[in-house]
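Everything on this sheet refers to the single structure shown next.
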Amino acid sequence: MDLRPLGRSGLSVPPFCFGGNVFGWTADEATSFALLDRLLEAGFTFVDTADVYSRWAPGHRGGESEEVIGRWMKARGARDRMTIATKVGMELGEDRKGLRASYIEQAVEASLRRLGTDRIDLYQSHLDDAETPLAETLSAYDRLIRAGKVRAIGASNYTAARLREALAVAAREGLPRYECLQPGYSLADRGDYEAELEPLCRAEGIGVISYFSLAAGFLTGKYREAGAAAGRAREGRVAPYLNPRGLAFLDLLDAVAREHGATPAQVSLAWLIARPGLTAPIASATSVAQLDELLGAVRLTLDPAAVARLEEASRGSLKG
């Protein structure tokens, strides 16, 4: 399996990133360990998490995902084989949010402790913080990189304008730049990324790891009617796609999957993996069987005619 460079960071990663939002939430610790065991066994070593995962769950405070990953790495002696990405900036309560230097310096220590490690491979700004000067944020990251606590930095949920501004500040001030962008991007939601972020990232050599790569499960084909996702963790995120255009696209996705002896999820991820400039899609699973299905996307090559049909039918967004 070929590894891909993550921007100009010196890090190289597989073309699939496991989304760690499920660890300690919809996947209990035993299941999480089994998923991580299978991931490593298959040669995939890139995991993305965040300090806020899974604060939204009843009784959770945030940090649960990092703690599970940390316990697994310790139990397996796997730290040096993994590329661990985590994030800072989402609200964890009281004044624990944003990208102030003082808060980043506090938050990174908490993440390192939960992960049971002395360094984070990719540390990402989870959300833009317009109230904190970009130079202050990047200077904090510079100190962490110089201290060996962080290897590279990235940005999540940034607009093209703000990412461009951050790159300019980094160049002007001699500070580390964001080497990776984490945008929402999938066959079901193409417009925002492709319009401005994609050309910027390609021109600047910035790695891209897409989240919601399966549109919260819609592109698996499991949900085809109103209420189909009722009671699921992402019910509200699937509903906007359950419209005539979205359902017609699922029919096309089914047809392409049959032609390639694959599943709709594999086709959707394979399209992302082949997208120029995209380093790795992020996707998560709550069972080893689901994970094996997702990993099968790396071996799938879509023929040009199928790609053209998918792209013609999915321009912009499938949301109603």
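The values are calculated or read from the model by the stated rules, or taken from the named source; none is laboratory data. Treat the numbers as computed from the prediction; the structure is a model and nothing was measured. Positions of Cβ are backbone-derived with ideal geometry, glycine not excepted, and every protein chain shown enters the neighbour counts.
When the range 128-143 is filtered for residues that are surrounded by fewer than 20 Cβ atoms within 10 Å (Cβ to Cβ) and not acidic (D, E), the ones remaining, listed by number, are A130, T132, P133, A135, S139, R143.
Residues of the range 174-193 that are farther than 21 Å from G10 by Cβ and surrounded by fewer than 15 Cβ atoms within 10 Å (Cβ to Cβ): G191 alone. Residues being modelled with pLDDT under 95 and small (G, A, S) are represented in the range 234-248 by at least one member.
Output yes when any residue across the range 61-68 is among the aliphatic types (A, V, I, L, M), within 19 Å of the chain's Cα centre (by Cα) and closer than 17 Å to V288 by Cβ, and no when none is. Even if it seems obvious, please write down each step before you answer.
Residues of the range 61-68 that are among the aliphatic types (A, V, I, L, M), as a first pass: 68.
Going one step further and asking which of them are within 19 Å of the chain's Cα centre (by Cα), we end up with 68.
In the following step, the residues that additionally are closer than 17 Å to V288 by Cβ were identified as 68.
Checking the range 61-68: at least one residue is among the aliphatic types (A, V, I, L, M), within 19 Å of the chain's Cα centre (by Cα) and closer than 17 Å to V288 by Cβ.
Within the range 1-20, the set of residues being in contact with a helix residue (DSSP H, G or I) (Cβ under 9 Å, 6 or more places away or on another chain) and either part of a strand (DSSP E or B) or acidic (D, E) (or both) comprises just one member, F18.
Within the range 289-310, the set of residues being in contact (Cβ under 8 Å) with a residue 12 or more places away in the chain and assigned to a helix (DSSP H, G or I) comprises L291, D292, E293, L294, L295, G296, A297, V298, A306, V307, R309, L310. As a summary of the residue check, R315 satisfies the conditions (1) among the charged types (D, E, K, R); (2) in contact (Cβ under 8 Å) with a residue 24 or more places away in the chain; (3) closer than 28 Å to V47 by Cα except for the one numbered (3). Y178 fulfils the conditions (1) more than 18 Å from L278 (Cα to Cα); (2) touching a Ser or Thr at 6+ places or on another chain (Cβ under 9 Å) except for a single criterion, (1).
Scanning the range 113-120 for any residue that is crowded, with 23+ Cβ neighbours inside 10 Å, within 27 Å of S210 (Cβ to Cβ) and under 20 Å from the mean Cα position of the chain (by Cα) turns up at least one such residue.
Counting just the residues of the range 1-38 that are small (G, A, S), more than 19 Å from C201 (Cβ to Cβ) and in contact (Cβ under 8 Å) with a residue 12 or more places away in the chain, which one comes out surrounded by the fewest Cβ atoms within 10 Å (Cβ to Cβ)?
A34
Scanning the range 108-139 for residues that are among the hydrophobic types (A, V, I, L, M, F, W, C) and more than 24 Å from T45 (Cα to Cα) yields L127, A130, L134, A135, L138.
The requirement of being crowded, with 21+ Cβ neighbours inside 10 Å, touching a residue at least 24 places away in the same chain (Cβ under 8 Å), in a helix (DSSP H, G or I) and among the small types (G, A, S) is fulfilled nowhere in the range 39-60; no residue meets it.
Total residues in the range 251-288 satisfying the condition of being assigned to a helix (DSSP H, G or I), out of contact with any helix residue (DSSP H, G or I) (no Cβ under 7 Å at 6 or more places or on another chain) and crowded, with 20+ Cβ neighbours inside 10 Å: the figure is 1.
Any chance the range 89-112 includes a residue that's within 17 Å of the chain's Cα centre (by Cα) and of a type outside the set (S, T, N, Q)? So far as the range 89-112 goes, yes, one or more of its residues are within 17 Å of the chain's Cα centre (by Cα) and of a type outside the set (S, T, N, Q). Checked against (1) under 21 Å from the mean Cα position of the chain (by Cα); (2) without any contact (Cβ under 8 Å) to a residue 24 or more places away in the chain, A255 passes all but a single condition, namely (1).
Per-residue answers, yes or no, for (1) out of contact with any strand residue (DSSP E or B) (no Cβ under 7 Å at 6 or more places or on another chain); (2) surrounded by fewer than 21 Cβ atoms within 10 Å (Cβ to Cβ); (3) over 25 Å from P281 (Cα atoms):
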{"site": "A75", "(1), (2), (3)": "yes, yes, yes"}
{"site": "D80", "(1), (2), (3)": "yes, yes, no"}
{"site": "A85", "(1), (2), (3)": "no, no, no"}
{"site": "G93", "(1), (2), (3)": "yes, yes, yes"}
{"site": "R96", "(1), (2), (3)": "yes, yes, yes"}
{"site": "A101", "(1), (2), (3)": "yes, yes, yes"}
{"site": "S111", "(1), (2), (3)": "no, no, no"}
